[in-house]
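Beneath this line is the structure, given in structure tokens, with notes to follow.
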Amino acid sequence: MSRQGVGIALEATEAELQAWLSEFDPTAEAVEVVVALRHRRQSRQLSGWTSWILLLGPEGADDGEDRRLARSVVASNPTGLRRLDAVRIQPGLDMIDPPRDGQEARLRQSIEYISSHPGSREEYYETQTQFSGPAVRRLFEHDRFGRFLGVEVSERLVDDQTLPPWDVVHVAGLTMAQRLRAAPHYHRAFNAAARAIGEPSAKTVMRRWSSQRTIITANVEQIFPL
């Protein structure tokens, strides 16, 4: 989607975004666009569904459980807005690579749209916080990861009923140098996080997750830095 197309989609929802944000912080005057992504490759499941945009509320706006509040917008050209969600940043999964010299870091990024199963959703969310958060944080703090952002849908505000019913979105990004640095440490970090929660290995956690969720994955690129 072009910058103009995204601007039109956002302008059309500005009132809804501000009304939602004001419920949590009546003094908020604006939203901050943090991530604006476009799918690199289309699959049959992703046909015509091109742009995912995350807008964060001001610092201090949270849901009372230390989850920063945000809005997630899915838009595509030429159909415009397709979904608008109120979302919460998952605890510990808030690693956003800052701009470098005014430009977004050259990250190779992927996005996961996750539909967790209602019967095990609470357990799945909790394990993500206890397992994924510490493992990725360890890599991120040693410059072996550039971005890892996780959000949970708290309310679906607008939906054209054409997209899968995901409730979690993950965005991960690494530069080529970070990929090389992370390779020898990746499994070690996740196995250590698994043992810290009483699991024998990361594979044990992942096998359980395979029965708790379904995932659609796409490679993405930054549409434009804002």
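General remarks:
- Amide H contacts of Thr175 (H built 1.01 Å from N, in plane; Pro and chain starts excluded): Arg108, Gly146 sit under 5 Å, all sequence-distant by 5 or more or on other chains.
- As a proxy for reagent exposure, ranking Glu221, Glu152 by other Cβ atoms within 10 Å from fewest up yields Glu221, Glu152.
- When +1 charges are put on Lys and Arg Cβ atoms and -1 charges on Asp and Glu Cβ atoms, the dipole computed for segment 80-226 relative to its Cα centre reaches about 680 debye.
- Sequence of Arg213, Arg207 once ranked by neighbouring C-beta atoms within 10 Å, starting from the fewest: Arg207, Arg213
- Remark: the His142-Ser115 segment gains 6.6 nm on full extension, using 0.36 nm per residue and subtracting the alpha carbon distance.
- The Cβ shell under 15 Å around Ser201 holds other residues with a net charge of +4, Lys and Arg each +1, Asp and Glu each -1.
- When the convex hull of its Cα atoms is viewed from all sides, segment 100-180 shows a mean projected area of 7.3 nm².
- Contour minus Cα-Cα distance for Ile216 and Ala177 (0.36 nm per residue): 11.4 nm
- Extension gain from Arg207 to Arg108, taking 0.36 nm per residue of separation minus the Cα-Cα distance: 33.0 nm
- Residues Trp52, Trp209, ranked from the fewest to the most other C-beta atoms within 10 Å, line up as Trp209, Trp52.
- Between Leu163 and Arg188, the simple label model (points 7 Å from Cα in the Cβ direction) yields a spacing of 3.9 nm.
Every read-out reported here was derived from the displayed coordinates using simple, explicitly stated rules and does not represent laboratory data. From a predicted model like this one, the values you see are computed outputs, not experimental measurements. Neighbour counts run over all protein chains shown; Cβ positions are idealised from the backbone, glycine included.
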